[in-house]
Amino acid sequence: MSVELATYDPQNLHLPEEDLLRSGHLACPGCGAALGMRLALKALGPKTIVVIPACCWAVINGPYPFHALGVPVLQVAFETAAVSAAGIRAALAMQGRDDVAVLAWAGDGGTFDIGFQSLSGAVERNEDIIYVCYDNEAYMNTGIQRSSATPFGAWTTTTPEPNIKPEPKKNMVEILAEHRIPYAATASIAFPEDFVRKLQKARSIKGTKFIHLWISCPAGHKSEERLSVHIARLAVETGVFPLYEVEYGTKYTINHEPAFLDVTEYLKLQGRFRHLTPEDVDFIRRSVAWEWERLRAKAAMGSSLPPPPSPPRRLAMAVSWLGE
Amino acid sequence: MASELRLEDLSYVPFSEKPTTAIKTGTWKYVEPFYQNALPPCAAACPAGNDISYGLLLLAKGQVVEAARWWRRRNPIPATLGRVCPHPCENPCNREPLGGAIAVSMVERFLGDVEGDVVPQPAPPTGKKVAVVGSGPAGLAAAYNLRLAGHEVRVFDDKPAPGGYLRTGIPEYRLPRPVLDREVQMIARLGVVFQQGVRVGRDVSFEELRASHDAVILALGFHKSRALGIPGEDHPHVYNGVKLLEQLLAGERPSLPPRMTVVGGGNTAMDVARSLLRVGVSPVVVYRRTRAEMPAIAAEVEDALAEGIPFEFLAAPVRVVMENGAIVGLECQRMQLGEPDASGRRRPVPVPGSEFVVPCQGVVTALGEVVDLEGLPADLGTGDARQASTLLGVFVAGDMADGAGTVTAAVGSGIRVASVVDAFLKSGGLPVQAPTVQELWPRQVSLRRKVEFSNLNTAYFRPLPRPEIHHLSPELRRGSFAEVVQGWDVEAAVQEARRCLACGTCNECSNCLYFCPDVAIHRVDGGFVIDREHCKGCGICVQECPRSALELREVTR
């Protein structure tokens, strides 16, 4: 007697088996950026070219003559990830090849701050690239300086106690979405199936695709290495980092309804938040609740809007991002 | 213009092409993960040592026959145990807060009923002979395991058919006889010889038995009832519960009074009361403590109540009330609960002047049983830590050894004594103590590490409700010995096995593999290997294992 079962535990992860990240790379133990790249290449497969500006990954990929990825990588200057990727896309187009994904893979510094103008320019031109910002919420590679991705209250070497960062984190996905690109999304290393699905969806769309990937950084967050995935999950389950996607700047889809655990569950595991007073924590708690109300309002508005007007037919190719 | 750009034309561009696998990042670590299955709480609580989670894992994969064979590796009567065991495994089940404990007994019953190639092959003959006295659960388990070890086993029993108390004391509505017969036949087919109707000490002398065998195991069980010790007890309508049950279960239908009082709160009392109900007698149960202190299996009490059997709690019999030589009632004294006694239960204390009469025409006593050692040496003892008696080569098992009083504990006792006897027959020596049933597992498990709920990564589990277990409606039970609990089909059993969290038991879910930032875990046949040259020792695999099947240890260099 034997019973045929397609999958024997529906709760198991189902991910592509092929790995294009190699062992021996130079990421710190427990690095979320390394895990993120591993998952990204699982999703995109071998027909991918990766563009890496100055960021942790410029180091992780290995010193000359070593190379950690099973796909071609172009290492470029700090502020040029998006335009370099666009250049590669143009070169591929000249060769008549449209089966290769071009992945710009930059940190939060190279995206939120230093690479921002070139990213905005490439996005405005709707360059056909996938841009993933792996966000560890500070310049970790150079020694934990604050970036505009650093959240309120976090310790960094440039926001030491008691002068912790007073500003909130820049909302990068909404800024990119407001460029009206076909696809902008958030993702987390703790939700690998969601991340892989989003990359595969991005690959199927023409135009600029932006994915904001939240990752843990044991060295910079002052957290335990083994908790990297756990903390990333808590960022989502406390509501601090919502998982959602935006199509054409309008249609918001919330991908995961969090358990809304108390934010302290997330904060207490990271030394960078150790100094927070109950007042600070309460501000974070109320901010998370407010951001969620805002996100839900946007999702509701997007679903009630009629589709945008179609462009004149002769221009439809050039502005295809407006959708049909 | 060059038609094609070649790599050597790019010599001025730094170009890396050697894989980083040449960099041995494994030297960075000071702790490292390793796969180590741990003890699930269910198996830790199983007196018979069933390796529950691994059996459920096989079943969850759809490997039904493999799962059934795994279950029968040492336990010869899973179909029986699935029906009669009070399943202590379900109490500590980590699934409890996530939809309810796994219905292990229902799965065990299903696996026990699986036909096919489910019995392991015996080892080559050793030429050693073992006599097992008693064919109850302990005797069956000892015989089965010693036969599988290659010894020649003969079972002696004074009853007409094997099974001991399973046959004479457990009614068919809990254990249909074809189920028991099939499991006994499976043991017999292995080559175990059953000599029924032979009472050691009467039909064959104990010394003769000892002389003709290399080892003797005594597993006589508790069949002799304790007396009530009250006036009027010698009336013919005051019955010994064990004997009455044996008669009823053998199909005899003696003429019984219409209303009878059953005295006791154990399984025998429940079995007697529920059997009487089925032969047309109205029983009432009298017990000196409350429902909470009853030693009977909770489900049996629930079933008795569902069948409408009245209970008189906190009542102790004082005398049998007679009029003109006929019983008209049982006079009882009201009790109240005092301080806890040696068993941990609160001791009943009489309330003075509270006597009252429970009207009835007959009384059945079910006050617990003791061993009947008639015809055996009086100084055998009850066995030491190795279940060895005071005589060399003579061992004890089951209730005789520990008085645990459940079929499951008796099976465990039989398994343990078989291991001791096997060692004795092979080496002539005895171990310091009998191994625990868990120590006899063939699969390598860290027995010192029991998996508690807090050891699980519950992010990977969502609540799934425990399925309903269907009972025959109480109206249909009167006048019928049909099985009360309805069994499951293969689909239901597999679904339930898939609900198991597999605590401490790697089920190859691949979380460790997928979450490794260093791609240092690889799939191999039957599990995973860790690439120690590249593992940096972050421990994410240990943390993200849903079921605590990995551990971290310090690296020794």
FRET efficiency for B:Ala306 and B:Leu447 from the Cβ-Cβ distance with R0 = 35 Å, rounded to 0.05, comes out at 0.35
Sorted by chain and number, the residues with a modelled amide H under 5 Å from that of B:Val349, at a separation of 5 or more or across chains, are B:Gln336, B:Leu337, B:Gly338
Relative to the compact-globule estimate 2.2 N^0.38 Å (N residues), the Cα gyration radius of the protein assembly as shown stands at a ratio of 1.25
Bounding extents of region A:70-138 in its principal axis frame from Cα atoms, largest first in Å, are 39, 30, 17
For peptide A:189-202, the mean count of other chain Cβ atoms within 10 Å per residue Cβ is 1
Rounded to a whole number, the mean other protein chain Cβ count within 10 angstrom for residues of A:70-76 is 1
Taking only the Cα positions of region B:231-368, the convex hull volume per residue in Å³ is 108
So the FRET efficiency between B:Val13 and A:Gln95, C-beta based with R0 = 25 Å and rounded to 0.05, is 0.85
Each label sits 7 Å from Cα toward the beta-carbon; between B:Glu374 and B:Leu472 the label points are separated, in nm, by 3.4
Fewest to most Cβ atoms within 10 Å: A:His179, B:His223 sort as A:His179, B:His223
Computed about the Cα centre, the charge dipole of the protein assembly as shown from +1 Lys/Arg and -1 Asp/Glu charges at the Cβ has a magnitude in debye, to the nearest 20, of 600
Of B:344-351, A:21-28, B:411-418, ordering from highest average Cβ density within 10 Å down gives B:411-418, A:21-28, B:344-351
In deg cm²/dmol, rounded to the nearest 500, the helical mean residue ellipticity at 222 nm of chain A, built from -39500 (n - 2.57) for every DSSP H run of length 4 or more, is -10000 deg cm²/dmol
Expressed in Å to one decimal, the Kirkwood Rh of chain B from all distinct alpha-carbon pairs is 26.5
Taking placed amide H atoms and a strict 5 Å upper bound, the residues 5 or more places from A:Val51 or on another chain that come that close are A:Leu74, A:Leu103, A:Ala104, A:Trp105
Rounded to whole angstrom, the alpha-carbon centroid of region B:392-431 lies from that of region B:57-130 at a distance of 21
Plugging the Cβ-Cβ distance of B:Lys129 and B:Val65 into 1/(1 + (r/R0)^6) at R0 = 35 Å yields, to the nearest 0.05, a FRET efficiency of 0.60
For B:226-237, A:74-85, ranked highest to lowest by mean beta-carbon neighbours within 10 Å, the order is A:74-85, B:226-237
Distance in nm between B:Ala188 and B:Ala227 label points, each 7 Å along Cα→Cβ, equals 3.9
Computed on Cα atoms only, the convex hull of region B:400-557 has an orientation-averaged projected area in nm² of 16.6
Env charge @ A:Pro65, Cβ radius under 11 Å, K,R +1 / D,E -1, value 0
Chymotrypsin sites (Phe, Trp or Tyr not before Pro) in region B:1-45 lying in a DSSP loop, each with at most 15 other Cβ atoms within 10 Å of its Cβ, come to B:Tyr12, B:Phe15, B:Tyr30
Across the alpha-carbon set of region B:356-398, Rg over Rh with Rh taken as the Kirkwood radius works out to 1.32
So B:Asp117 and B:Lys426, fully extended at 0.36 nm per residue minus their Cα-Cα distance, gain in nm 108.4 nm
Expected unfolding gain across B:Asn455-B:Ala342 under the 0.36 nm per residue rule, minus the alpha-carbon gap, is 37.2 nm
Yeah, region B:30-168 with a ≥ b ≥ c from its alpha-carbon gyration tensor (a/c under 1.5 is rounded, else prolate when a/b outruns b/c, oblate otherwise) is prolate
Hydrodynamic calc, region B:224-280: Kirkwood Rh from Cα pairs, then Stokes-Einstein at 10 °C with viscosity 1.306 mPa s, so D in µm² s⁻¹ is 132
Amide H proximity to A:His256 below 5 Å, modelled H, separation 5+ or other chain, gives A:Leu243
By the C-alpha gyration tensor axes a ≥ b ≥ c (rounded if a/c is under 1.5, else prolate when a/b exceeds b/c, else oblate), the shape of chain A is rounded
Output field shielding_mean for A:119-128 (other chain Cβ, 10 Å radius) holds 0
Everything considered on the Cα gyration tensor (a ≥ b ≥ c; rounded for a/c under 1.5, else prolate if a/b is larger than b/c, else oblate), region B:125-212 must be described as oblate
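Taken together, the values in this text are just the output of simple stated rules run on the coordinates, not laboratory data. In this text, all values refer to a predicted model and were calculated from it rather than measured experimentally. Cβ sites come from the backbone with ideal geometry, for glycine too, and all protein chains shown count toward neighbours.
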